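Written below as structure tokens is the structure these notes are about.
The values are calculated or read from the model by the stated rules, or taken from the named source; none is laboratory data. Since this is a predicted model, take the numbers as computed values, not measurements. Please note: Cβ atoms are built from the backbone with ideal geometry, for glycine as well, and neighbour counts cover all protein chains shown. Just so you know, the surface numbers come from the protein's heavy atoms only, side chains and all, with ligands and any DNA or RNA stripped out. Shrake-Rupley method; radii C 1.70, N 1.55, O 1.52, S 1.80 Å.
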Amino acid sequence: MMNSKVLEAFNNQINAEFWSAYLYLSMSADFDNKGLEGFAHWFKLQYHEEAAHALKFFDHINERGGTVRLQPIKEVPLTWATPVDVFEEVVKHEQKVTHFIYGVMDIAVQEKDYASQNFLRWFIDEQVEEERIATTILEKLKRVGDRGGLLYLDKELKKRV
Ligand code: FEO
């Protein structure tokens, strides 16, 4: 049986993870429209990763007999001016998600929900990785600047599996 405050926080986090999935799918579409297939591919995989994050919360609630409450997913932006703008938004967004996860952990600690605290540790580690990857790509993008460099990076990102 899940604590009701923790359950509410978990349900809100399902929505936040699906919103992230939508955001990255929209970024994938925008890159695809601009002919940058490697970036589009990278963001499509990122979409799947976020949907998997949402499902981890979904499964945890179900395993513990809680009620999943799927909430409406707010609209996401459709287009960005430059790849640097995209990754600046990704870095900011992932920092926000880290903040959300810490908030959920705070509630699990307050409510002495040890099973949820264990579950959330994976997400705390995952956010370190998410922020690191997004920041690294942003730094590379800021360096390449010219068209050739951008196309090289596009080719590199296409290799993600
Ligand atoms: Fe599910 Fe990128 O955080």
Got a number for the accessible area of residue 25? Probe 1.4 Å, square angstrom, nearest 10.
70 Å²
With +1 on the Cβ of every Lys and Arg and -1 on the Cβ of every Asp and Glu, and nothing else charged, how large is the dipole of the chain about its Cα centre, in debye rounded to the nearest 20?
180 debye
Heads up, the chain by the C-alpha gyration tensor (a ≥ b ≥ c square roots of eigenvalues; a/c under 1.5 rounded, else a/b over b/c prolate, else oblate) looks prolate
If I model a spin label as a point 7 Å beyond the Cα along the Cα-Cβ vector, how far apart are those points for residue 78 and residue 122 in nm?
3.7 nm
Project the alpha carbons of segment 72-154 onto their principal axes and report the range along each, largest first, in whole Å.
54, 27, 14
Amide H of residue 66 versus every other amide H placed in the peptide plane: which residues, excluding those fewer than 5 positions away on the same chain, fall under 5 Å?
2
Enumerate the helices in the chain for which the Kyte-Doolittle hydropathy averages -0.5 or more and the C-alpha atoms extend at least 24 Å along the helix's axis, using complete DSSP H runs.
4-33, 83-110, 114-144
Within the chain, excluding any trypsin sites (Lys or Arg not before Pro) found in a DSSP loop (not H, G, I, E or B) and having at most 10 other Cβ atoms within 10 Å, the longest uninterrupted segment runs 1-73
Provide the per residue accessible area, probe 1.4 Å, for the chain, rounded to a whole number of square angstrom.
57 Å²
Listed residues 91, 104, 144; largest mean-square fluctuation, Gaussian network over the chain with Cα springs below 10 Å, found at 144
Name the residue from 9, 71, 52 whose Cα lies farthest towards the positive end of the charge dipole of segment 1-124, charges +1 on Cβ of Lys and Arg and -1 on Cβ of Asp and Glu.
9
Could you check the simple spin-label distance between residue 88 and residue 144, using points 7 Å along Cα→Cβ, in nm with one decimal?
1.8 nm
